[in-house]
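Step one of this worksheet: look at the structure below.
The values are calculated or read from the model by the stated rules, or taken from the named source; none is laboratory data. Not measured: the values here are computed from a predicted model. Virtual Cβ from ideal backbone geometry, glycine too; neighbours counted across all protein chains shown. Side chains included, ligands, DNA and RNA excluded: accessible areas come from the protein's heavy atoms. Shrake-Rupley method; radii C 1.70, N 1.55, O 1.52, S 1.80 Å.
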Amino acid sequence: HRIQDSFRLLILVGTTGIGKTALGERIAVELESWFGGDWSHFQQENFDDEQQSSDFVSVAARWLEKWGELITPDDRKDPQRLLYRLVNYLCENRYLVQMDSLENILQGNEEEGWNDFKDEWWVKFFESYLKADTCQSCIILTSQDLPGQIEAIGTRSQNFWYCQPLSGLEKPEQIALFEKIELDVTPDSEGRPYLERIGAAYEGHPLALRVIAGEIKDNPFEGNVVAYWNRYGNEVEEVEKAIAEAQEGQSTGIDKFQLDRFTKTLRRNVRSRLNKTFARLQEDAKWAYIMLCETSVYRCAVPENFWLSHLEDWEQSGDKQKAALETLRERYLVEESIENDQLLLRQHNLIRSVSLENLKLLDSTYE
């Protein structure tokens with residue numbers, strides 16, 4: 001509704017894996033008629049893609065060329081000219097632009113947050129964009145933190161931008177997720193109270209809950225929630241304790257400092273949980289673990305046979321390769337998408353970051 005009104009900048013902030021990109025894409029689907037049903041008017045830029053330059057000049061030139069504008073070598077040497085042309089084009093034409101993983105073009109880190117742009121021309125771009133008298137387009141940003149410079153710029157353009165913090169799934173949504181993964185969530189089931197505690201401990205973080213549910217559903221638990229809790233419930237209790245400590249003293253309300261502390265605690269807990277997932281995968285399904293580590297070299301989605309081929313180097317048969325991939329699917333450690341009528345596979349950025357760490361140890365582990 002805000003986009004259909006006068007807002008031209010929407011910022012979705014939240015910890016990694018919380019669903020910012022998915023929400024942005026869902027908004028695009030809901031707004032299809034707003035940009036005339038022409039999907040060439042939906043532009044998606046992922047700053048996690050290290051293969052593409054992320055400075056303002058490179059991105060602006062890339063967008064304008066894609067939209068049919070002629071960009072000369074002289075244009076590329078003149079950031080101010082490109083800024084003017086890009087802002088003017090967005091104002092005069094209706095485009096929905098989604099810019100993902102904005103923290104990658106900001107200066108900062110997970111502990112202290114991301115505050116300032118590395119390239120000052122991005123600041124100038126957003127300032128000019130928000131100051132424009134009229135604008136037909138809208139930009140959706142996804143970031144782990146609200147960039148302080150945009151917040152400062154936005155104080156003079158309150159009617160044109162909005163920031164939406166994202167939290168995890170609510171309790172009914174958590175139960176619906178577990179049900180979709182085919183776990184028993186009937187009100188009188190023995191496992192439901194444990195699933196509710198797991199959901200609460202990880203604040204409904206969808207990626208963490210999918211991975212945990214995948215472990216419960218897969219061998220050796222085969223969907224037995226109680227057996228899983230008896231074996232690993234102590235880990236959830238440790239998380240409950242950490243969350244309680246983070247919330248201590250917040251009974252009168254949560255200020256920004258406390259919220260940041262709480263978010264960092266959740267982020268650490270989710271990452272710790274993924275590290276344990278990898279350790280168990282290594283123990284229970286060696287070839288699936290090796291496949292997951294080796295395919296972390298792909299920054300984007302690739303065909304399925306790319307993944308399978310990594311076990312050829314380990315002299316594993318085609319059946320073993322497919323079994324390993326199926327294990328990763330069952331444990332929700334691989335994401336699938338269809339592009340140009342082809343099935344592609346990728347790792348979520350958070351999972352990939354853990355995979356890359358394990359990849360460094362792979363050769364020494366299996367010498």
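Look at Lys217 and say whether it is charged (D, E, K, R), loosely packed, with under 13 Cβ neighbours inside 10 Å and either more than 30 Å from Phe125 (Cβ to Cβ) or out of contact with any Phe, Trp or Tyr (no Cβ under 6 Å at 6 or more places or on another chain) (or both).
no
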Which of the residues spanning region 178-189 are open to solvent by 30 Å² or more (accessible area, probe 1.4 Å) and not polar (S, T, N, Q)?
-> Glu179, Lys180, Glu182, Asp184, Pro187, Asp188
Do you know which of the residues in region 146-167 that are surrounded by 20 or more Cβ atoms within 10 Å (Cβ to Cβ) and not aliphatic (A, V, I, L, M) is nearest to Glu45 (Cα to Cα)?
-> Pro147
If you go through region 190-206 one residue at a time, do you hit one that is among the hydrophobic types (A, V, I, L, M, F, W, C), modelled with pLDDT under 95 and open to solvent by less than 10 Å² (accessible area, probe 1.4 Å)?
-> yes
Tell me, yes or no, whether region 91-98 has at least one residue that is touching a helix residue (DSSP H, G or I) at 6+ places or on another chain (Cβ under 9 Å) and closer than 29 Å to Tyr202 by Cα.
-> yes
Flag for Ala152 being in a helix (DSSP H, G or I), more than 20 Å from Thr21 (Cα to Cα) and modelled with pLDDT under 95 = yes
For region 115-126, does any single residue satisfy the condition of being under 23 Å from Gly17 (Cα atoms) and surrounded by 18 or more Cβ atoms within 10 Å (Cβ to Cβ)?
-> yes
Across region 101-126, which residue is nearest to the chain's Cα centre (by Cα) among those that are at pLDDT 95 or above and among the acidic types (Asp, Glu)?
-> Asp119
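Just checking, which of Ser337, Ser364 is in contact with a strand residue (DSSP E or B) (Cβ under 6 Å, 6 or more places away or on another chain) and modelled with pLDDT under 90?
After ruling out the rest, the residue left standing is Ser337.
For Thr263, are the conditions met, namely being touching a Ser or Thr at 6+ places or on another chain (Cβ under 9 Å) and either open to solvent by 20 Å² or more (accessible area, probe 1.4 Å) or modelled with pLDDT under 95 (or both)?
yes
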Which residue out of Gly68, Gly14 is of a type in the set (Gly, Ala, Ser) and open to solvent by 60 Å² or more (accessible area, probe 1.4 Å)?
-> Gly68
Would you be able to tell me the number of residues in region 22-49 that are out of contact with any Leu (no Cβ under 7 Å at 6 or more places or on another chain) and farther than 12 Å from Gln4 by Cα?
-> 15
For region 285-343, enumerate the residues that are under 24 Å from Ile212 (Cβ atoms), among the basic types (Lys, Arg) and open to solvent by 20 Å² or more (accessible area, probe 1.4 Å).
-> Lys286, Arg329
Per-region count, region 71-85, residues acidic (Asp, Glu) and open to solvent by 60 Å² or more (accessible area, probe 1.4 Å) | 1
Quick one: what pairs do we get from region 179-204, first residue within 24 Å of Thr15 (Cβ to Cβ), second of a type in the set (Asp, Glu) and open to solvent by less than 80 Å² (accessible area, probe 1.4 Å), C-beta under 7 Å, 6+ apart or different chains?
-> Ala201/Glu240
Taking into account only those residues within region 18-53 that are part of a loop (DSSP other than H, G, I, E, B) and in contact with a Ser or Thr (Cβ under 7 Å, 6 or more places away or on another chain), which is surrounded by the most Cβ atoms within 10 Å (Cβ to Cβ)?
-> Phe47
Could you check, for region 224-240, whether at least one of its residues is at pLDDT below 90, β-branched (Val, Ile, Thr) and surrounded by fewer than 19 Cβ atoms within 10 Å (Cβ to Cβ)?
-> no
